[in-house]
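A.B. asks: If you scroll down you'll find the structure; I have some questions about it.
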Amino acid sequence: MIVMKFGGTSVANFEAITRTIFIVGSKLDQKPVVVVSALSKVTDLLYKIAETAATQDSENTRELLGQLRERHVNLVKELLEQSPMIMEQALARVNEICDDLDKLAYAVCAVGELSDRNKAIIISNGELLSSTIICYTMNAKGIKTGFIDARKMMVTNDSYLKGEPIVEEIAARVPGAVAQAYEGMNAVITQGFIASNMAGEQTVLGRGGSDYSASLIGMAVDAERIEIWTDVDGVRSADPRKVKNTKYLEKISFEEAAEMAHFGAKVLHPLTIEPAVKKNIPLYVLNSMNPSGKGTAILRNELIEDGVKSVSFKENIKVINIFSMKMINTSGFLRRVFEIFSENKVSVDLISTSEANISVTVDAGEKIDRLVEQLSEFCDVIVDDDKAQVSVIGKNIVRLNGMLKKTFAPLKRTNVYMISQGASFVNISFVVDREELTEVVQDLHDHLFDNPEELETF
């Protein structure tokens, strides 16, 4: 059994869905579990519907709901033109989903209040619509496909908009749900991103969570492999939207992939790797627009060579500098500091410490006013805005002789504010001014990948 996840661009329209169904059809002998995202841009539209309804703007809410319905109805007609009976069934189900959404959106609009629970229900409709349409279309094309409502098997805590999966419960539910859906079928389809809590209330995993869904399902069914189908040929040595002449990576380790995702690479959701690692299931990043391409294999560590694989970055961060002479020879100081971060639910990326100073990086979008206020009660705090974080990632790079010199050689005229060397031996990270990011990343990538040098592990 394999798990195949298709992102929004892979199911965006008639052409994309036709390609996706062809890809699935070529792998029926491997018993695919297909996980789909909403059509491209639909989740953004659903967020807009929810937010517009909350302002009690009934006219624009109605218009946006009409746009959503029209796009999906037209897609059904286009895909199922040659199968009128199945088209009628698909249209009935699509309209039913849209009717339920309309009722909820108008209710939100009437009261002018949008709860997290209702927002989760609204934004989940994209996956329900796309999976419904693709399921009917696969059946019309002769691929007998079973439908699984992900909310019956994907279970999270009570956080409606950023649900944390309850892995044990998922592991208990998924195999039975998949087996039941597979009875008499060639394939099964379900949704990424959406789930429910233990009480059966709608939750979602957060933006980009479909990759995570696929990986959790793969872990639960002991999949032979997990395929993440997107619109790029695989993982590259840097973001090609920011860096010229990036290199295609044929294979990387689980650890490298996790670091790349965490430190800014957009190809994978940061949490995708963990479930695959638990069962040692290979992950493949593939291009639905180029199905014959090799893509990138993400494999266990011992199958991967040492060396630099990627220059990743986070474009907009803050550096929080914490100063106090009380740190010197004082036990419990760091614990107190990080308890405050935990209380305020502020996630930290990089940490650098000295005798009287702690510097940490956080995403610019983090709300830190209260955190800074609490820290200021017992130490001095300075926040540096408009910074960017750059990470050089690769297996055992921290243990390569000369790696630090090679990393910082092209940065002679760059202000570097903070350096962090990962304890995992996989990354070297530093902070620069945001306005210098593009030049820094390009220069660093050119130096590391266009001028290879033999570096020995010590």
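The values are calculated or read from the model by the stated rules, or taken from the named source; none is laboratory data. Note that the structure is predicted; figures quoted are calculated from it, not measured. Neighbour counts run over all protein chains shown; Cβ positions are idealised from the backbone, glycine included.
A.B. asks: Are any residues in the stretch 303-321 under 24 Å from residue 250 (Cα atoms) and β-branched (Val, Ile, Thr), and if so, which ones?
C.D. replies: From the stretch 303-321, those under 24 Å from residue 250 (Cα atoms) are 303-314; that's our starting set.
The answer is 304, 308, 311.
A.B. asks: Pairs please, first residue from the stretch 369-385 and within 16 Å of residue 348 (Cα to Cα), second anywhere and in a helix (DSSP H, G or I), Cβ atoms under 8 Å, 6+ apart in sequence or on different chains.
C.D. replies: Note: pairs meeting the criteria are 371/340; 371/341; 375/337; 375/340; 381/372; 381/375; 383/372.
A.B. asks: Separate question: Which of the numbered conditions does residue 348 fail, given that it passes all the others? Conditions: (1) touching a residue at least 24 places away in the same chain (Cβ under 8 Å); (2) under 20 Å from the mean Cα position of the chain (by Cα).
C.D. replies: (1)
A.B. asks: On the given criteria, is residue 162 free of Cβ contacts under 8 Å to residues at least 60 places away in the same chain, closer than 22 Å to residue 44 by Cβ and surrounded by 15 or more Cβ atoms within 10 Å (Cβ to Cβ)?
C.D. replies: So residue 162 fits the description; yes.
A.B. asks: For the stretch 349-372, how many residues are among the polar types (S, T, N, Q) and assigned to a loop (DSSP other than H, G, I, E, B)? Outline the logic, then answer.
C.D. replies: Just the residues of the stretch 349-372 that are among the polar types (S, T, N, Q), to begin with: 352-354, 357, 359, 361.
Subsequent filtering for residues that are assigned to a loop (DSSP other than H, G, I, E, B) retains 354.
Number of matching residues: 1.
A.B. asks: Then there is this: One residue is enough: does the stretch 3-13 have a residue meeting the conditions of a type outside the set (A, V, I, L, M, F, W, C), out of contact with any Gly (no Cβ under 6 Å at 6 or more places or on another chain), modelled with pLDDT under 95 and not in a helix (DSSP H, G or I)?
C.D. replies: yes
A.B. asks: Sticking with this one: Pairs needed: first member in the stretch 44-58, in contact (Cβ under 8 Å) with a residue 24 or more places away in the chain; second member anywhere, outside any helix (DSSP H, G or I) and among the polar types (S, T, N, Q); C-beta distance under 9 Å; at least 6 residues apart or different chains.
C.D. replies: Pairs that qualify, where the first residue is in contact (Cβ under 8 Å) with a residue 24 or more places away in the chain and the partner is outside any helix (DSSP H, G or I) and among the polar types (S, T, N, Q), are 46/124.
A.B. asks: Restricting attention to the stretch 386-407, report how many residues are more than 22 Å from residue 365 (Cα to Cα) and either in contact (Cβ under 8 Å) with a residue 12 or more places away in the chain or touching a strand residue (DSSP E or B) at 6+ places or on another chain (Cβ under 6 Å) (or both). Steps first, answer last, please.
C.D. replies: Here is the first cut: in the stretch 386-407, the ones more than 22 Å from residue 365 (Cα to Cα) are 392-407.
Next cut, either in contact (Cβ under 8 Å) with a residue 12 or more places away in the chain or touching a strand residue (DSSP E or B) at 6+ places or on another chain (Cβ under 6 Å) (or both) only: 392-404, 406-407.
Of the residues in that region, 15 qualify.
A.B. asks: Something else about it: Which of the residues belonging to the stretch 373-405 are in a helix (DSSP H, G or I), under 31 Å from the mean Cα position of the chain (by Cα) and surrounded by fewer than 21 Cβ atoms within 10 Å (Cβ to Cβ)?
C.D. replies: Narrowing the stretch 373-405 to residues in a helix (DSSP H, G or I): 373-375, 397-399, 403-405.
Next, only the ones that are under 31 Å from the mean Cα position of the chain (by Cα) stay: 397-399, 403-404.
Correct list: 398, 399, 404.
A.B. asks: Another question, then. With the requirement that a residue be outside any strand (DSSP E or B) and surrounded by 15 or more Cβ atoms within 10 Å (Cβ to Cβ), what does the stretch 415-440 give you? Break it down into steps so the answer makes sense when it comes.
C.D. replies: At the first step, the residues of the stretch 415-440 found to be outside any strand (DSSP E or B) are 415-417, 422-426, 434-440.
417, 422, 425, 426, 434, 436, 437, 440, listed by residue number.
A.B. asks: Give just the number: which of (1) at negative phi; (2) surrounded by 13 or more Cβ atoms within 10 Å (Cβ to Cβ) does residue 412 not satisfy?
C.D. replies: Result: residue 412 passes all but (2).
A.B. asks: Follow-up. For the stretch 153-185, which positions are within 22 Å of the chain's Cα centre (by Cα) and part of a helix (DSSP H, G or I)? Give the derivation first.
C.D. replies: Going residue by residue through the stretch 153-185, those that are within 22 Å of the chain's Cα centre (by Cα) are 153-171, 174.
Matches in the stretch 153-185: 167, 168, 169, 170, 171, 174.
A.B. asks: May I pose another question? Of all residues in the stretch 46-88 being of a type in the set (Gly, Ala, Ser) and within 19 Å of residue 123 (Cβ to Cβ), which is surrounded by the most Cβ atoms within 10 Å (Cβ to Cβ)?
C.D. replies: First pass over the stretch 46-88, keeping only residues of a type in the set (Gly, Ala, Ser): 50, 53-54, 58, 66, 83.
Imposing the further condition that a residue be within 19 Å of residue 123 (Cβ to Cβ) reduces the set to 50, 53-54, 66.
On the way: 50: 21, 53: 29, 54: 19, 66: 12.
Ranking the qualifying residues of the stretch 46-88, first place goes to 53.
A.B. asks: Give me the pairs, please: first residue somewhere in the stretch 205-228 and touching a residue at least 40 places away in the same chain (Cβ under 8 Å) and under 18 Å from residue 152 (Cα atoms), second residue anywhere and surrounded by fewer than 24 Cβ atoms within 10 Å (Cβ to Cβ) and among the acidic types (Asp, Glu), beta-carbon distance under 8 Å, and either six or more positions apart or on two chains.
C.D. replies: These pairs meet every condition: 215/274.
A.B. asks: If you take the residues in the stretch 349-365 that are among the polar types (S, T, N, Q) and out of contact with any strand residue (DSSP E or B) (no Cβ under 6 Å at 6 or more places or on another chain), which one is surrounded by the fewest Cβ atoms within 10 Å (Cβ to Cβ)?
C.D. replies: Checked the stretch 349-365; the qualifying residue surrounded by the fewest Cβ atoms within 10 Å (Cβ to Cβ) is 354.
A.B. asks: Under the condition of being within 17 Å of residue 132 (Cβ to Cβ) and small (Gly, Ala, Ser), which residue from the stretch 9-45 is surrounded by the fewest Cβ atoms within 10 Å (Cβ to Cβ)?
C.D. replies: Checking each candidate, the answer is 40.
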